[in-house]
Each structure stands twice: as structure tokens, then as C-alpha cells.
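Worksheet: the structure to be examined is printed underneath.
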Amino acid sequence: LEKYKVMTINVINEIKKIINNIFKDIKKYYPLISCVIIYIFITSLIFNDICPSKILFKISCPGCGLTRGSISLLTGHFKAAMHYNAAAVIWDIGIAMMFVQRYILEKKYKYMDYYWIVCCGLTIVYYIIRMIYYTPAGFPI
């Protein structure tokens, strides 16, 4: 029984450490986070959209649908996620890997930079394919 108490205390301490590290990062990046929130609020209010590409050029960007796709993936709606933006899958995997590396393993792997480069490339390729097959008939999102 004592062994389980010690294990429970260790798990609780690890969770506290992870939460503490998350809050440290939030404090560190507070100015950037604040700017993004202000940008989203103002552009939503004025333009009823947050995508600079849609606001300036009236076309969807490669990232359009990533948020809705990610939310759909997290709620188990895989078909809807593929409809919004299939690239959401690789971005969500990358975010999960980054979270585990940063907060659980407390390491930064140099290969993550390459992963993000590949994500950007695949997202752009997927965007081009969507534009060819869905435009001018209408963008699917």
C-alpha cells in the first residue's frame, strides 16, 4: 500500500511539473499570444473572418480548414476533418509530438524542425490539389 502512495505522489508531482512548465511558456510568450488574440478579435469583428488571404485576396489559404479539421479529429469526426483540411492530421500529430517532447520528455529533438518543413510542404501540395479540383466549382470549406 505504501508503494502505491509513493507512486501516486510521484505521478502528481510530474503532472504539477508539466502544468508549471506550460504556464512558464504561456508567460514567456504572453505578448505573442496577446497579439494573436487581439488580431483574431479585431479581424473577426471587422471582416467576419481571420484569414489574411481571404480578407485581402478573397481566396482560401493552405491553412484554411485546419482548425475545424483538428477539432473534428479530436471529436472523432474523421470524415469531416478530411473535408475541412486533410493536412490537419499531420499537423495534429506534430503538435502532439511537440507536446510530449517539450513537457513530458523535456527534450527538443532536432528532427522536429524537419517535420514542420515537411508539414508545410505537404499542406501546400494539398492546397494546390484542392484548388485544381475544387476551383472554380467552389472551395469545399
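The values are calculated or read from the model by the stated rules, or taken from the named source; none is laboratory data. All values reported here derive from a predicted model rather than from experimental measurement. Ideal geometry is used to build each Cβ from the backbone, glycine not excepted, and the neighbour counts take in all protein chains shown. Remember, those area values only see protein heavy atoms, side chains included, never the ligands or the DNA or RNA. Shrake-Rupley method; radii C 1.70, N 1.55, O 1.52, S 1.80 Å.
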Quiz item: Calculated FRET efficiency, Gln101 and Ile26, Cβ-Cβ r, R0 22 Å, to nearest 0.05?
Solution: 0.80
Quiz item: Label points 7 Å out from Cα along the Cβ direction at Lys17 and Ala80: separation in nm?
Solution: 3.8 nm
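Sum -39500 (n - 2.57) across every DSSP H segment of at least 4 residues in the chain, then divide by the residue count to get the 222 nm mean residue ellipticity, nearest 500.
Taking each H run of at least 4 residues, the total per residue is -24000 deg cm²/dmol.
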Quiz item: Given the options Leu56, Leu66, Leu105, which has the most mean-square fluctuation in a GNM of the chain, springs set between C-alpha atoms less than 10 angstrom apart?
Solution: Leu56
Quiz item: Any idea what angle helix 111-134 forms with the longest principal axis of the chain, computed on alpha-carbon atoms, 0 to 90 degrees, nearest 10?
Solution: 30 degrees
Practice problem: Evaluate the chain: find the radius of gyration of its Cα atoms, find its Kirkwood radius, and give the ratio Rg to Rh. | Solution: 1.08
Quiz item: So which lysines pass the test for Lys16, namely a Cα distance under 26 Å, with those fewer than 8 places away in the same chain ruled out?
Solution: Lys3, Lys5, Lys24, Lys27, Lys28, Lys107, Lys108
Quiz item: For Tyr39 and Lys3, what does the FRET efficiency come to when R0 = 41 Å and r is the distance between their Cβ atoms, rounded to the nearest 0.05?
Solution: 0.20
Quiz item: Any idea of Ile95's accessible area? Nearest 10 Å², probe 1.4 Å.
Solution: 90 Å²
Quiz prompt | Exposure ranking of Glu2, Glu106 by accessible area [1.4 Å probe, largest first] | solution = Glu2, Glu106
Exercise. Just the Kirkwood number for segment 34-116, please: inverse of mean 1/r across all distinct Cα pairs, in Å, one decimal.
Key: 14.6 Å
Practice problem: Could you work out how far helix 2-28 tilts from the main Cα principal axis of the chain, as a 0 to 90 degree angle to the nearest 10? | Solution: 40 degrees
Quiz item: Could you give the angle, 0 to 90 degrees to the nearest 10, between helix 30-47's Cα long axis and the longest principal axis of the Cα atoms of the chain?
Solution: 30 degrees
Exercise. Report the charge-dipole magnitude of the chain in Debye, nearest 20, computed about the Cα centre from +1 at each Lys and Arg Cβ and -1 at each Asp and Glu Cβ.
Key: 260 debye
Quiz item: Any idea what log10 I(q)/I(0) is at q = 0.13, 0.18, 0.27 Å⁻¹ for segment 28-69, Debye with uniform C-alpha scatterers and no solvent?
Solution: -0.32, -0.59, -0.98
Practice problem: Summarise the accessible area of segment 1-120 (1.4 Å probe, protein heavy atoms) by the percent that is carbon and sulfur. | Solution: 73 percent
Quiz prompt | Solvent accessible area, Å² - Lys108, 1.4 Å probe, full protein context | solution = 150 Å²
